[in-house]
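Student: There's a structure below that I have some questions on.
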Amino acid sequence: MSGAELAYLRRIPVFEDLAPEDLQLIIRVTAERRIARGQAVFSEGEPGEGFHYIRSGRVKIIKLSADGREHILNILGPGDVFAEVLLFNEAPYPATAIAVEDAVIGVIRNRDLEALLVAQPRLAVHVIRVMSKKLLYIQSKVKSFALADSQAKVAQTLDYLLGRYGNPTGNTREVTLEINRQDLANMAGTTRETVSRVFRTLKDDGVIEDEERRIVVRDPVRLRTYFEQSVV
């Protein structure tokens, strides 16, 4: 493994504190797949193969409603891990993952990882600690989200997308995503009408400029006040 590859693995939270020799062990059980834009990484209900991480590109995690409509649960980028709920758990994939753009995906199959962790107990302890921290973080975010009103949920979702995918443009930040207001509403756990109403408020207050598939946040600090104050 090259120094560049070692450095890349360290950017993935599950592996960031591992020693070089441990990273070498991880790479031996890792396979990489090239996924074209629009292609599924895996589909809901398929047998769970293992957990994945994104080396390059972006992936959306979706659920399909009974009438076939697509609901985006999350949008992930380089360094993100997904399908980790299948660690040590033989179950089908709970959602569908689709490449938003051409992507390179790392896959670590459960059977390979389990064999490695049995042989290397220190790695097992490390993985358990990292996943426990992530679970605590998710629990805190769920609590914060549950206490927020609809306006706060939309603002918090927009802040999340901005933090992950926003590009600096002077004193503002711009985010361009292949999602519409209904997708944003699904991510925020609210309705499309609510997203439109909140966007009008944010535009009237000079916080954002809203165009098709493009949002410019003129005041990122003020945006956070829409959800931070609501749960105090």
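The values are calculated or read from the model by the stated rules, or taken from the named source; none is laboratory data. Please read these numbers as outputs of a predicted model, since none were measured by experiment. Backbone-built Cβ (ideal geometry, glycine too); neighbour counts: all protein chains shown.
Student: Can you confirm whether I98 is in contact with a helix residue (DSSP H, G or I) (Cβ under 9 Å, 6 or more places away or on another chain), in a strand (DSSP E or B) and touching a residue at least 40 places away in the same chain (Cβ under 8 Å)?
Tutor: On the way: in contact with a helix residue (DSSP H, G or I) (Cβ under 9 Å, 6 or more places away or on another chain): no; in a strand (DSSP E or B): yes; touching a residue at least 40 places away in the same chain (Cβ under 8 Å): yes.
The answer is no for I98.
Residues checked against (1) under 23 Å from L9 (Cα atoms); (2) at pLDDT 90 or above; (3) outside the structural domain of T96 (by TED's automatic domain parsing):
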site: T30; (1), (2), (3): yes, no, no
site: V41; (1), (2), (3): yes, yes, no
site: E44; (1), (2), (3): no, yes, no
site: K60; (1), (2), (3): yes, yes, no
site: L64; (1), (2), (3): no, no, no
site: N74; (1), (2), (3): yes, no, no
site: G77; (1), (2), (3): yes, no, no
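Student: Separate question: Of the residues that sit in the stretch 130-158 and are charged (D, E, K, R) and modelled with pLDDT under 80, which one is surrounded by the most Cβ atoms within 10 Å (Cβ to Cβ)?
Tutor: Residues of the stretch 130-158 charged (D, E, K, R): 133-134, 141, 143, 149, 153.
Remaining after also requiring modelled with pLDDT under 80: 133-134, 141, 143.
Values: K133: 11, K134: 14, K141: 12, K143: 11.
Checking each candidate, the answer is K134.
Student: Please find, within the stretch 23-53, the residue that is surrounded by the fewest Cβ atoms within 10 Å (Cβ to Cβ) out of those that are within 15 Å of D112 (Cβ to Cβ) and of a type in the set (D, E).
Tutor: So, considering only residues that are within 15 Å of D112 (Cβ to Cβ) and of a type in the set (D, E), the one surrounded by the fewest Cβ atoms within 10 Å (Cβ to Cβ) is E32.
Student: Consider only pairs whose beta carbons are under 9 Å apart and that are at least six residues apart or on different chains; among these, list those whose first residue lies in the stretch 116-129 and is more than 19 Å from L86 (Cβ to Cβ) and modelled with pLDDT of 85 or more and whose second residue is acidic (D, E) and part of a helix (DSSP H, G or I).
Tutor: These pairs meet every condition: Q120/D22.
Student: Also, quick follow-up: Condition check: farther than 23 Å from K63 by Cα, aliphatic (A, V, I, L, M) and not in a loop (DSSP other than H, G, I, E, B). Does V221 satisfy that?
Tutor: Values: farther than 23 Å from K63 by Cα: yes; aliphatic (A, V, I, L, M): yes; not in a loop (DSSP other than H, G, I, E, B): yes.
For V221, the condition - farther than 23 Å from K63 by Cα, aliphatic (A, V, I, L, M) and not in a loop (DSSP other than H, G, I, E, B) - is met.
Student: Now for a separate question. If I filter the stretch 63-92 down to residues being part of a loop (DSSP other than H, G, I, E, B) and under 9 Å from the mean Cα position of the chain (by Cα), which single residue comes out as surrounded by the fewest Cβ atoms within 10 Å (Cβ to Cβ)?
Tutor: First, pick out the residues of the stretch 63-92 that are part of a loop (DSSP other than H, G, I, E, B): 65-69, 77-80, 83, 87-91.
Next, from what is left, pick out any that are under 9 Å from the mean Cα position of the chain (by Cα): 77, 80.
Values: G77: 15, D80: 17.
Within the stretch 63-92, the match that is surrounded by the fewest Cβ atoms within 10 Å (Cβ to Cβ) is G77.
Student: Whether any residue in the stretch 159-180 is at pLDDT 70 or above, in a helix (DSSP H, G or I), surrounded by 15 or more Cβ atoms within 10 Å (Cβ to Cβ) and more than 15 Å from the chain's Cα centre (by Cα) is what I want to check.
Tutor: Within the stretch 159-180, none of the residues are at pLDDT 70 or above, in a helix (DSSP H, G or I), surrounded by 15 or more Cβ atoms within 10 Å (Cβ to Cβ) and more than 15 Å from the chain's Cα centre (by Cα).
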